[in-house]
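Enquirer: Would you mind keeping the following structure in view while I ask a few things?
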Amino acid sequence: MRINGKGLVDRSTPLTFTFDGHSVDAYAGDTVASALLAAEVKLVARSFKYHRPRGVMGAGSEEAGALITVGNGAGQDPNVRATMQEVYSGLETRSQNRWPSLNFDVLSLNDLASPFLSAGFYYKTFMWPKAFWEKLYEPVIRRAAGIGGLSGEHNPDSYEKAYAFCDFLVIGAGSAGLMAALTAGRAGADVILCDEDSIMGGRLNGETYDVGGATGQDWAASTVAELASMDNVRLMTRTTVTGAYDQGTFGALERVSHHLEDRGGRPVECFWRIAAKRSVLAAGSIERPVAFRNNDRPGIMTASAVRTYLNRYGVAPGKAVTVFANNDDAHRTARDLVEAGVHVAGVIDTRRDAPDGDGYEVYKGAEICNSEGRKALEAVTFRYPDGREDKLQTDCLAMSGGWNPSVHMTCHMNGRPVWNEGIQSFVPVDGTVPGMLTAGACNGVFSTHGALTQGIAAAQEALSDLGVKTAKADVPKAEDAPYRLKPLWAVEGKGRAWLDFQNDVTVKDVKLAAAENFRSVEHMKRYTTQGMAPDQGKNSNVAALAVLADATGRGIPETGTTTFRPPYVPVSIAAMGAGSQGIGFAPQRFTTSHKASVEAGAPMVEVGMWYRPSFFPAPGEKTWRQSCDREVNNVRNAVGVCDVSTLGKIDLQGPDVGEFLDFVYTNMFSTLKVGRTRYGLMLREDGTVMDDGTTARMGENHYVMTTTTAAAGPVMRHLEYVHQCLRPDLDVSMISVTEQWAQFAVAGPKSRELLNGLLAEEINSDSWPFMACGEALIQGVKGRLFRISFSGEHAYEVAVPSRYGDSLFRLLVSRAESMGGGAYGMEALNVLRIEKGHITHSEIHGRTNAFDIGFARMVSAKKDCIGKTMSERPGLVGDTREQLVGLKPIGVVKQLTAGAHLFEKGADPVRVNEQGYTTSVGFSPTLETYLGLGFLRNGRARHGEEIQMVDHLRGITTQCVVCDPVFIDPEGGRVRG
Amino acid sequence: MVDLMAKSPCDGLLPVEHGGVSLSEIDMTVLTSVSPYKGQDKALSAALKEAHGMAFPGINRATGKEGARAIWFGQGQAMLIGPDPASSLCVHAAVTDQSDAWVLVRLEGGRAEDVLARLVPVDLRQAAFKRGHTARTQLQHMMISVTRTGDSSFLIMAFRSMAKTLVHDLETAMRGVAARHAG
């Protein structure tokens, strides 16, 4: 019901939205919750476990009852608190956890079965048979118990992450926060003021008292206006600070466009990381419900929420409102309602010395013990001090058990709050988050005057730490009422009295946990699931542990709180991972030949972050194998071109590079002649092979190292480590030049003929023998030429500055095609190197050493190198090692697969008989058979032996003969060509 | 003889403009990494000054000006941007051509800081990051170099191969910022 003349909603802007398909009238400035209450929609949700009817309970982010789903389809947003969702024209909302409808929910039968569904029910009931858990129990329970769900589709909405920095972060824009920000802002400090509401002011917007001679609402608005006029102050509304982290860093979730009909390209949410030199927590406090029988019916709310709906939204949540309280503060609700002309059925105050009412009756010393009304509150039963019971007809109950300071953020770095007897709640301890102060209600100071005073003091202290002078500030005149309450957690009596409304945890559940010896508060939490719902116990923690304290005969301070962890409110993964969805997971790296390769129809494969062509299909080719076979034949018989730019290239300069390389490589590089290239093997400190590649000596003090594509980064890091930590004495400079050069392999018997058509100076086997390197002019461009070969053919790698890469690749390919060859991709590259027995990281996979791969002779005896000593440990050499071998199929089955296991011929293919495994396989068109590389126990001594390869996963068994891993041209006649 | 055609890293991707912030490529300039040999820091700085008019930059600083700039690029490393490096530098330092290794873009406009705040985790506000300040940091998932070149302009350098992702990430942030301030 709307109350004319009240509230901050814009009555001149009416609009409609839908809830469960029904049209609801609202005004701009409403939340879904306020609009539903105005429309007298009481039943909004079904509870988590028992499917109990629930309504709106609060007015803030802690809302325990009204969780809804917003939107439809792929981007639907579940578990949105109706109290936080601002309305806009066309907004679609739905209730959750009900079937077939909110009004008739089949699973509300759970409520009748409640005697069986107590705490620990699942643990006790679904013990066995074990297999049933995953297949039957869990899916059924998950369907029955729950909240909203995602669509399961790719999220089409955009989210954002951002970073912000400031001198002074103010968390919360109630009276304390506004005053802190104002004090710091006027002093010229860089201030960020965050508040999770759509308008700043905190409780001031929900109350009727004056501040500084104006209404609280007006004072807040004018203070915000002054702050907005300051260049040094950044106001962030709809932004919840979610966590306090190391070194003054805070997480914050901004709801950027949840409230807009037309998002206009804005992200839905933005997850901020705010680094602040100093901060103040002014997060306010949350009113706590009282546990009594059936205290969860739609229409039962907190007393302050009723005031907020009345004063901020101009909505009376009921026609006859009852107040249930143990403190003076809640009487404001009755006064405000009467003032606004709403009937107050009565105030039931548990204190015999409660204040008198003015226009309403106060039942002193009484307590509410039950309620009626299935889908909406109809009446409450209360008990006089003498035990007599009576009933009040009422459609809204405003309850208050007192206030709990929002201490959460002060505990995010392992701080614990302390019990304050005066307010019967926990308050923060100073200094638990370095650089953070607390002010106002979150600090246990509940009067407006107190909050304003503390806001000023916090700003002054923080700025004084930073050396910023603040002017003396006057505290605006405001109410300074004492906070008087008598503790009340749960009303005695039969039936279920709710503590945790979101997870359906009752007083009985907590008592049962204690009785079953889950007496620690952390155990109670896990046994009952109290505090585990989206509200994370904001409404229930203190009351639940008070009940636990009572049940275990301990005091509340001894019982303590559970651990407060970030985030303070639910944060969507989409916001935290903004920008990383789908292809945004990692940067994409493209070679200069990418465009030409795609134009040629090559399917691109991801190699780390790089994209490389798999093969280049020719007209008429139907399978990748046909293309691959042709490309291999091209290289063996004519000439092929392949982009090898992705290999790491490291430029090393300085007088000591040779010595440095001798230390990081197993073999010698200081003796390498200028203009020559050498293959090198690099070990990790533990003696395992790290990487391999060729290194060219371009000048006396200048080497260029190549690494494998995968290890480009790790090798660079390794070299930096070795230089900075192990050999800082050496004068060496190194820098990556991977991206500087576009480099192409030109391989095959016609490779020199092709290159001689492009080089300024023709080369021959004398001027450019195998392993020669140097600078060269290619079509007039200064480049580099290396005579090295991965394919085993007469081959070169030609490098030009990357800007020419696209052009040179196209030219090389067209020349190659005119000579009976062409481009080749990763598949052919792999087959070529397997035929030649060259290793890749499939073989040097992090568990093999130089001995295993047959390179023991490459570990120079004349010098030390990284990993040498460790590689000589017992067990790392000898006939027990699995050694690199070649494999060829010899039986009926001709297929080899990578990752298969090797067994002796005729042996049972089980784990204990395992002799090794395959690492690389491919079909060799040159030898017209599958070829494999693998590791076999004592393999080098077993050439010629027949063994079986068993691929248990794919169900393949192939008889093989063990052979040398070099299948073609073991003498190297081709490469020297 | 067929001439090899040069292509810039952002070929076909730039320039773009959103909400008063523009992103453009600084095309085909000369980049040279310069890294002093042992004990040669001062001599190198003098040689740089003599040949190109700027000192070797301190940590997180850039020296020189538009057209001839040296920016700190990591421990014991500077990137000389613009001039062809004088041979005198090679006496004191490892000198390496990097002209084709990096993509250089300029982000310019009133809300350039807001755009970078979506991607770069360091404080780039004018007060903390003045003209002549530079940082090696990250932009979304990429390692980059960022330098303030004016009140509302930044030079950003990333690996050449990542040019497309760089432009994509920056443009996404530019669109987001523009949308927030539209209407």
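The values are calculated or read from the model by the stated rules, or taken from the named source; none is laboratory data. Computed from a predicted structure; not experimentally measured. Because the Cβ atoms are built from the backbone with ideal geometry, glycine has one as well, and the counts that use them run over all protein chains shown.
Enquirer: Restricting attention to segment A:686-708, report how many residues are under 36 Å from the mean Cα position of the chain (by Cα) and either hydrophobic (A, V, I, L, M, F, W, C) or at pLDDT below 95 (or both).
Expert: Of the residues in segment A:686-708, 2 are under 36 Å from the mean Cα position of the chain (by Cα) and either hydrophobic (A, V, I, L, M, F, W, C) or at pLDDT below 95 (or both).
Enquirer: Does A:Pro434 fit the bill of being of a type outside the set (Lys, Arg), surrounded by fewer than 17 Cβ atoms within 10 Å (Cβ to Cβ) and touching a helix residue (DSSP H, G or I) at 6+ places or on another chain (Cβ under 9 Å)?
Expert: Yes.
Enquirer: Another question, then. Mind checking which strands (runs of 3 or more DSSP E) fall wholly inside segment A:385-466 and carry at least 2 residues that are hydrophobic (A, V, I, L, M, F, W, C)?
Expert: Once the strands (runs of 3 or more DSSP E) in segment A:385-466 are filtered for at least 2 residues that are hydrophobic (A, V, I, L, M, F, W, C), what remains is A:396-400, A:418-420, A:425-427, A:436-438.
Enquirer: If only one of A:Gly365, A:Gly431, A:Gly455, A:Gly450 is modelled with pLDDT of 95 or more and under 37 Å from the mean Cα position of the chain (by Cα), which one is it?
Expert: When all the criteria are applied, what remains is A:Gly455.
Enquirer: Condition test on A:Ala59, is it under 29 Å from the mean Cα position of the chain (by Cα) and in a helix (DSSP H, G or I)?
Expert: no
Enquirer: Is it fair to say A:Asp662 is under 28 Å from A:Asn633 (Cα atoms) and either part of a helix (DSSP H, G or I) or within 47 Å of the chain's Cα centre (by Cα) (or both)?
Expert: no
Enquirer: State which residue is surrounded by the fewest Cβ atoms within 10 Å (Cβ to Cβ) when the search covers only segment B:9-26 and only residues that are within 11 Å of chain A (Cβ to nearest Cβ) and either under 20 Å from A:Asp651 (Cα atoms) or without any contact (Cβ under 8 Å) to a residue 24 or more places away in the chain (or both).
Expert: For segment B:9-26, the residue satisfying everything is B:Gly12.
Here is a yes/no grid of residues against (1) over 30 Å from A:Tyr245 (Cα atoms); (2) touching a residue at least 12 places away in the same chain (Cβ under 8 Å); (3) touching a Phe, Trp or Tyr at 6+ places or on another chain (Cβ under 9 Å):
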residue: A:Glu287; (1), (2), (3): no, yes, yes
residue: A:Met301; (1), (2), (3): yes, yes, yes
residue: A:Asn311; (1), (2), (3): yes, yes, no
residue: A:Pro317; (1), (2), (3): yes, yes, yes
residue: A:Glu339; (1), (2), (3): yes, yes, no
residue: A:Val344; (1), (2), (3): yes, yes, yes
residue: A:Ala366; (1), (2), (3): yes, yes, yes
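Enquirer: Is there any pair with a first residue in segment A:256-267 that is charged (D, E, K, R) and a second that is outside any loop (DSSP other than H, G, I, E, B) whose Cβ atoms are under 9 Å apart and which are 6 or more apart or on different chains, and what are they?
Expert: Note: pairs meeting the criteria are A:Glu261/A:Leu15; A:Arg263/B:Ala179; A:Arg266/A:Glu160; A:Arg266/B:Gly176; A:Arg266/B:Ala179; A:Arg266/B:Arg180.
Enquirer: Got a sec? Which of A:Thr470, A:Thr432 is outside the structural domain of A:Leu281 (by TED's automatic domain parsing), more than 30 Å from A:Asn294 (Cα to Cα) and not hydrophobic (A, V, I, L, M, F, W, C)?
Expert: When all the criteria are applied, what remains is A:Thr470.
Enquirer: Okay, next question. List, please: which pairs have Cβ atoms under 8 Å, are six or more places apart or on different chains, and start with a residue in segment A:653-672 that is closer than 20 Å to A:Asp686 by Cβ and end with one that is part of a helix (DSSP H, G or I)?
Expert: As it stands, the answer is A:Phe663/A:Val722; A:Phe663/A:Leu726; A:Val664/A:His718; A:Val664/A:Leu719; A:Val664/A:Val722; A:Thr666/A:Met858; A:Thr666/A:Lys868; A:Asn667/A:Met858, since those pairs meet every condition given.
Enquirer: Sticking with this structure for a sec: Go through segment A:890-977 and tell me which strands (runs of 3 or more DSSP E), entirely inside it, have 2 or more residues that are in contact with a Cys (Cβ under 7 Å, 6 or more places away or on another chain) and not assigned by TED's automatic domain parsing to the domain that holds A:Ser627.
Expert: A:946-951
Enquirer: Spot the failing condition for B:Asp114; the list is (1) of a type in the set (D, E, K, R); (2) within 13 Å of chain A (Cβ to nearest Cβ); (3) within 13 Å of the chain's Cα centre (by Cα), and only one is missed.
Expert: Unmet for B:Asp114, out of (1) of a type in the set (D, E, K, R); (2) within 13 Å of chain A (Cβ to nearest Cβ); (3) within 13 Å of the chain's Cα centre (by Cα): (3).
Enquirer: Restricting the search to segment B:39-78, which residues are in a loop (DSSP other than H, G, I, E, B), within 20 Å of B:Leu155 (Cβ to Cβ) and small (Gly, Ala, Ser)?
Expert: Those that are in a loop (DSSP other than H, G, I, E, B), within 20 Å of B:Leu155 (Cβ to Cβ) and small (Gly, Ala, Ser): B:Gly53, B:Ala55, B:Gly58, B:Gly67.
Enquirer: On to the next question. Out of curiosity, is A:Thr83 part of a loop (DSSP other than H, G, I, E, B), within 20 Å of A:Met301 (Cβ to Cβ) and in contact (Cβ under 8 Å) with a residue 12 or more places away in the chain?
Expert: yes
Enquirer: Quick one: A:Pro482 ticks every box in (1) within 23 Å of A:Gly444 (Cβ to Cβ); (2) modelled with pLDDT of 95 or more bar one, so which box is it?
Expert: (2)
Enquirer: What is the one condition in (1) under 21 Å from A:Thr694 (Cα atoms); (2) crowded, with 16+ Cβ neighbours inside 10 Å; (3) under 49 Å from the mean Cα position of the chain (by Cα) that A:Leu730 does not satisfy?
Expert: The one condition A:Leu730 does not meet is (1).
Enquirer: So which residues in segment A:910-937 are out of contact with any Leu (no Cβ under 9 Å at 6 or more places or on another chain) and of a type in the set (D, E, K, R), if there are any at all?
Expert: Residues satisfying the conditions are A:Arg911, A:Glu928.
Enquirer: Right, next: One residue is enough: does segment B:29-38 have a residue meeting the conditions facing another protein chain (nearest Cβ under 9 Å), more than 29 Å from B:Gln138 (Cβ to Cβ) and surrounded by fewer than 18 Cβ atoms within 10 Å (Cβ to Cβ)?
Expert: Yes: one or more hits.
Enquirer: Among what's in segment A:783-812 and is at the interface with chain B (Cβ under 9 Å from one of its Cβ atoms) and not in a helix (DSSP H, G or I), pick the residue that is surrounded by the fewest Cβ atoms within 10 Å (Cβ to Cβ).
Expert: If we take residues in segment A:783-812 being at the interface with chain B (Cβ under 9 Å from one of its Cβ atoms) and not in a helix (DSSP H, G or I), then A:Pro801 is surrounded by the fewest Cβ atoms within 10 Å (Cβ to Cβ).
Enquirer: So in segment A:574-606, with the set limited to residues that are in a strand (DSSP E or B), free of Cβ contacts under 8 Å to residues at least 24 places away in the same chain and away from every other protein chain (no Cβ under 11 Å), which one is farthest from B:Ala101 (Cα to Cα)?
Expert: Here the residue is A:Met604.
Enquirer: So which residues in segment B:81-111 are more than 13 Å from every other protein chain (Cβ to nearest Cβ) and not in a loop (DSSP other than H, G, I, E, B)?
Expert: B:Ile81, B:Gly82, B:Val105, B:Arg106, B:Leu107, B:Glu108
Enquirer: Still on this structure: Please count how many residues of segment A:708-748 are in a strand (DSSP E or B) and either among the hydroxyl-bearing types (Ser, Thr, Tyr) or over 30 Å from A:Arg810 (Cα atoms) (or both).
Expert: Number of matching residues: 3.
Enquirer: Restricting to segment A:763-782, and then to whatever is within 14 Å of another protein chain (Cβ to nearest Cβ) and in a loop (DSSP other than H, G, I, E, B), can you tell me which residue is surrounded by the most Cβ atoms within 10 Å (Cβ to Cβ)?
Expert: For segment A:763-782, the residue satisfying everything is A:Gln779.
Enquirer: Taking A:Gly212 and the conditions (1) of a type in the set (Gly, Ala, Ser); (2) farther than 25 Å from A:His449 by Cβ; (3) away from chain B (no Cβ under 14 Å); (4) surrounded by fewer than 19 Cβ atoms within 10 Å (Cβ to Cβ), which numbered condition does it fall short on, given that it satisfies the others?
Expert: Checking A:Gly212 against (1) of a type in the set (Gly, Ala, Ser); (2) farther than 25 Å from A:His449 by Cβ; (3) away from chain B (no Cβ under 14 Å); (4) surrounded by fewer than 19 Cβ atoms within 10 Å (Cβ to Cβ), the one that fails is (2).
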